[in-house]
Amino acid sequence: MPVGPVGRDESSAPFFDASARGEFLIRRCQTCASASEPQATTCASCSGIDLVWEPACGRARLVSWAVTYNVDEEHPTVLAIAELEEGPWWWSQIADADPEALDVDMALHIEFDRSGDSESVPIFRIASDHRKSDEATRR
Ligand SMILES: [Zn+2]
């Protein structure tokens, strides 16, 4: 299922400009150095308002997900919440994911999807080195 269409406004323009370049921006607090999600207007830790844009590394861990099966589409749609390596949570689709293979804490990385007239939108993909460090001991 394509993401979007997603449009911008004045406050989201820097985020979508970066997405078009292949960068995922988060908000970094200049008071306490905590990271907040892109749409934050105040710091999630100290409620400070002096936030600057900063590129995230693009790595994340799967927190939770939901699967939607569409009869007219080859693959189900997986909507996920993931924790960015910097700390904030983000939600989007996981591209080409097998719902049976998903696991909490699975490593994801951010890619960008652009469909039609939509802005370039961050999506997740399962990282090639997705195995959890404790997987060998669990099975
Ligand atoms: Zn802060």
- Ser64 passes all but one of the listed conditions (1) assigned to a loop (DSSP other than H, G, I, E, B); (2) more than 27 Å from Asp17 (Cβ to Cβ); (3) among the hydroxyl-bearing types (Ser, Thr, Tyr); the exception is number (1)
- Query: Within region 12-40, which residues are of a type in the set (Ser, Thr, Tyr) and in contact (Cβ under 8 Å) with a residue 24 or more places away in the chain?
  - Reply: Ser12, Ser19, Ser34, Ser36
- Query: What number of residues within region 40-73 satisfy the criterion of being more than 16 Å from the ligand (Cβ to nearest atom), over 22 Å from Met106 (Cβ atoms) and of a type outside the set (A, V, I, L, M, F, W, C)?
  - Reply: 4
- Item | Single match in Glu85, Glu73 (criterion: out of contact with any strand residue (DSSP E or B) (no Cβ under 9 Å at 6 or more places or on another chain) and either exposed (fewer than 14 other Cβ atoms within 10 Å of the Cβ) or of a type in the set (Asp, Glu) (or both)) | Glu73
- Task: Tally the residues that are outside any loop (DSSP other than H, G, I, E, B) and more than 24 Å from Arg114 (Cβ to Cβ), restricting the search to region 22-58.
- Result: 6
- Message: For region 59-71, check the following and say yes or no: at least one residue is closer than 22 Å to Glu10 by Cα and modelled with pLDDT under 95.
- Response: no
- Return the total of residues in region 1-39 being within 14 Å of the chain's Cα centre (by Cα), more than 10 Å from the ligand (Cβ to nearest atom) and among the polar types (S, T, N, Q). 2
- Hey, could you check region 95-123 for residues that are within 19 Å of Phe16 (Cα to Cα) and among the aliphatic types (A, V, I, L, M) and say which is surrounded by the fewest Cβ atoms within 10 Å (Cβ to Cβ)? Ile123
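The values are calculated or read from the model by the stated rules, or taken from the named source; none is laboratory data. Model, not experiment: these values are computed from the prediction. As a convention, Cβ positions derive from the backbone with ideal geometry for all residues, glycine included, and neighbour counts pool all protein chains shown.
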